[in-house]
1. Compute the length gained on full extension between Asn445 and Val39: take 0.36 nm times their separation in residues and subtract their Cα-Cα distance, giving the result in nm to one decimal.
2. Tell me, what is the percent relative contact order of segment 115-262, built from C-alpha pairs under 8 Å that lie six or more residues apart?
3. Considering the dipole of the chain built from charges on the beta carbon (Lys and Arg +1, Asp and Glu -1) around the Cα centre, which of His148, Gln65, Val37 is farthest to its positive end?
4. When all protein chains stay in place, what accessible area (Å², nearest 10, 1.4 Å probe) is found for Asp335?
5. Order Cys530, Cys461, Cys245, most accessible first, counting only protein heavy atoms with a 1.4 angstrom probe.
6. Got a sec? Charge dipole of segment 332-490, +1 on Cβ for Lys and Arg, -1 for Asp and Glu; which of Tyr334, Ser467, Pro418 is way out at the positive end?
7. Where does the charge balance sit around Gly264 when Lys and Arg score +1, Asp and Glu -1, over other residues with C-beta under 11 Å from its C-beta?
8. Pairs of Cα atoms under 8 Å, at least six residues apart: use those to get the relative contact order of the chain, whole percent.
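The values are calculated or read from the model by the stated rules, or taken from the named source; none is laboratory data. All values reported here derive from a predicted model rather than from experimental measurement. Cβ: placed from backbone, ideal geometry, glycine included. Neighbour counts: every protein chain shown. Note: areas computed on protein heavy atoms with side chains; ligands, DNA, RNA excluded. Shrake-Rupley method; radii C 1.70, N 1.55, O 1.52, S 1.80 Å.
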Amino acid sequence: MGRFPFAVLFLSSLFVLRFCSVHGRIPTTVEGPFKPVTVPLDTSFRGKAEDLPETDPRVQKNGGQFVPEQISVALSADYDSVWISWITGDFQIGDAIRPLDPEKVASIVTYGKFLMPMKNQAKGYSLIYNQLYPFEGLKNYTSGIIHHVRLTGLEPDTLYQYQCGDPSAAEEISDIHYFRTMPVSGPKSYPNRIALVGDLGLTYNTTSTVDHILKNHPDLVLLIGDVSYANLYLTNGTGSDCYSCSFPHTPIHETYQPRWDYWGRYMEPLISEVPLMVVEGNHEIEPQAENRTFAAYSSRFAFPSNESNSSSTFYYSFNAGGIHFIMLGAYISYDRSGDQYKWLEQDLAKVDRKVTPWLVATWHPPWYSTYTSHYREAECMRVAMEDLLYKYKVDLVFNGHVHAYERSNRVYNYTLDPCGPVYITVGDGGNREKMAIEHADEPGNCPDPSSTPDEYMGGFCAFNFTSGPAKGKFCWDQQPDYSAYRESSFGHGILEVKNETHALWTWQRNQDSYRSVGDIIYIVRQPDVCLNEMKVHTYRHGKQEDM
């Protein structure tokens, strides 16, 4: 039996109820910069900081071996195409694994418009991946067969129904699922609601976050790194919320790959009908034999890399109506001589702001965060790329990594700037690791600069500030003026672009009703004001100086 489509279950008028508890006028960024606000820690609701067990029915496999499971939808570069992904066959973990044959089951999607015959059919490709360890006693893993099929020639803002699987065997076909395409790219055309979340994991906190997302009925979900947290487990399934603390002597950073399958099963009710776009985080590195990394991330998800002229799953772009999204990789070279930087420059140069007025960028570790956790860790990436984003007037930046919420005033080079982006950290999805609580500007909390470089990418760019209120220091003595609002709580955000210049941003805490908001503001673009050439900086002796 098919299910009635998620996309048509709810009337848009119900969404208005979310703001019933918001009194007074909603502020706008034009009124900023705002004085920094820190919300005191709310200890009334912390949730269970523990993973869902593999015995939970929500992560169990239903159906036969080759019945499609972990079904998901992802966008292509524009409205006329989407990707459908799923898995068939059982994963294996142990000492003697035998990878499945990806050609054993066909990769086919049958689809059509809602309430019309499903006469269209598309074929894709399939693959498996392995997570292998060259050490005795560690269990190896091989995945089920992962299928990716691209549907093309779709109409904008249209509800489609689909089934995936192998039509040659009735028991290997999925139920009917539904998705809605993005609106046509244009200055007056936008998806209604976009959910943004980072560092999700698969805990009881995660379930609260996902429940809130479902009740907000998004048209698109962006997951900004750190997906399953399979790397908090040894290959025997023993887990911890601090891997290095609990397993300091393991020969390699192990992972328990079945957590990926559990995550895919749990998320299917949402992401089989609402497109999910993912960018990698540090928990997706997952090193294995022969120095291979990111195998699960690059295999399990479909990316519009080719469609956006990227040669990598780590960075790509796509349109959602009048919004151009850029997904960047913080765990691959971002140097100005590297492929990612060159791709980014070319992608930005091709953006027509008359067609897609809004330009939004995402990557995992934040450049502007005031928490001690990962403080200034991504400074080398900021030094390499910030000028380019400023030049092309990126409007909004979303990050994860820090397990808390923070929204900035418009900022560029640590200085308030009405033409700089608004940076928003949403690494509060609900993972098993600890919530970020301490701030670097509080007495005694400033980290040792030597502790801040990113362990994976290397390099050191975070020096003492050379100008401004923190001149000569590594941390500010009070909440920086670029930090407008910060709060330690699990939750997620909703972006609603209203027109070419106004977008409503709301952030919701898990402990509140989905009709309540923790933070709310209109992000306002001022294209007529921000037409100046970008500022120029030079770097002397490893330190940045204004020119």
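1. Gain on stretching Asn445 to Val39: 144.4 nm.
2. The normalised contact order for segment 115-262 reaches 17 percent.
3. Selected residue: Val37.
4. My reading of the accessible area for Asp335 is about 80 Å².
5. Cys245, Cys461, Cys530
6. With unit charges placed on the Cβ atoms, the residue in question is Pro418.
7. +1
8. 18
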